[in-house]
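The values are calculated or read from the model by the stated rules, or taken from the named source; none is laboratory data. Since the model is a prediction, treat every value here as computed from it, not as a measurement. Neighbour counts are summed over all protein chains in view; Cβ atoms, including those assigned to glycine, are modelled from backbone coordinates with ideal geometry. We work out accessible area using only protein heavy atoms, side chains counted, and drop any ligands, DNA or RNA first. Shrake-Rupley method; radii C 1.70, N 1.55, O 1.52, S 1.80 Å.
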Amino acid sequence: RKEELEEEIRSAMVERDPNDDKSVIVEVQAGAGGEEASLWAADVYRMLTRYAERRGFTAEPLEIGDGKFTFAIKGDGAYSVFKYEGGTHRVQRIPQTESQGRIHTSTATVAVLPEAEDVDVQIDPNDLQIDVYRSSGPGGQSVNTTDSAVRITHKPSGIVVSMQDEKSQLQNRERALRVLRARLYERALAEQQAEVAADRRSQVGTGDRAEKIRTYNYGERRVTDHRVKLTEHNLDQVLEGQLDAFTEALAADERRRRLEASAVGEGRRAA
């Protein structure tokens, strides 16, 4: 039909996000809800890595544990898929640790950072303070006998990245620099386009229960995305990484909003 064809042509003309082709670094953290929030963060991490694998991307763990999961999703176009996962994911369920059978609400926050290349972000080595220390495990005991853990502080921005997953100091240093570069790149993007919610703080918020992009309700086996008012009753499949319906709806919504913005811009220029 003519209208559908016109809509497709207009959509094709809308400028894509220049970061859409990039790989991403994803940070999942426990939000509100104590121990249950840490368990939920692990479930969200598993869901996102399953989704990555289903879409043909490679998930690479960078630092895992203690309610925080930092990992890379590598492949052409990863950002175009995973940028919609940034925000607070809220779960409503009876925790395994709850003997009374009461439903708890917990959250996990997700930040999705386009992975920066050297050309995107220039880091002056003089701006870095690099500390090495011994990796510590649960309970604070030293995991190994060498100073392999690395903490990098970017003095101008105050951003601190720590890595202690690898046995090698060099590997931890390289991984910490990748995360630092991604955070600095994303900060520069947010400054360039303050009106776009690319800023990590706007994605993550405070992890408060009220700030949510999506709710996962175990009792009713439903998942609701609050941004596009889409509800699916296939919780089990979603947790196994079947997020395509949400990605498609969010991508269509983004195209529509970009189309409206470009139409407003054209109207202003014509005036």
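One line per residue, one yes/no per condition, for (1) farther than 27 Å from Gln164 by Cβ; (2) without any contact (Cβ under 8 Å) to a residue 24 or more places away in the chain:
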{"position": "Phe71", "(1), (2)": "no, no"}
{"position": "Lys74", "(1), (2)": "no, no"}
{"position": "Ala78", "(1), (2)": "no, no"}
{"position": "Phe82", "(1), (2)": "no, no"}
{"position": "His89", "(1), (2)": "no, no"}
{"position": "Gln92", "(1), (2)": "yes, no"}
{"position": "Gln100", "(1), (2)": "yes, yes"}
{"position": "Thr109", "(1), (2)": "no, no"}
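Within region 217-242, residues that are touching a residue at least 12 places away in the same chain (Cβ under 8 Å) and open to solvent by less than 40 Å² (accessible area, probe 1.4 Å) have Cβ atoms under 8 Å from residues that are among the aromatic types (Phe, Trp, Tyr) and assigned to a loop (DSSP other than H, G, I, E, B) in these pairs: Leu235/Tyr218, counting only partners at least 6 apart in sequence or on another chain. If you go through region 39-64 and keep only what is closer than 20 Å to Val91 by Cβ and surrounded by fewer than 19 Cβ atoms within 10 Å (Cβ to Cβ), you end up with Ala42, Asp43, Arg46, Arg50, Ile64. Checking each residue in region 108-129 for being within 30 Å of Val91 (Cα to Cα) and more than 18 Å from the chain's Cα centre (by Cα) picks out no residue at all.
Please tell me if Gln92 is more than 21 Å from Arg183 (Cβ to Cβ) and either touching a strand residue (DSSP E or B) at 6+ places or on another chain (Cβ under 8 Å) or part of a strand (DSSP E or B) (or both).
Judged against the criteria, Gln92 is a match.
Among the residues of region 151-178, the ones that are touching a residue at least 24 places away in the same chain (Cβ under 8 Å) and part of a helix (DSSP H, G or I) come to 7 in all. Looking across region 211-225, the residues that are under 15 Å from Gly87 (Cα atoms) and not in a strand (DSSP E or B) come down to Glu211, Lys212, Ile213.
So in region 91-131, with the set limited to residues that are of a type in the set (Asp, Glu) and modelled with pLDDT under 90, which one is nearest to Gly34 (Cα to Cα)? Break it down into steps so the answer makes sense when it comes.
Going residue by residue through region 91-131, those that are of a type in the set (Asp, Glu) are 98, 115, 117-118, 120, 124, 127, 131.
So of that shortlist, the ones also modelled with pLDDT under 90 come out as 98, 115, 117-118, 120.
Values: Glu98: 12, Glu115: 30, Glu117: 36, Asp118: 38, Asp120: 37 Å.
Going through the qualifying residues, I end up with Glu98.
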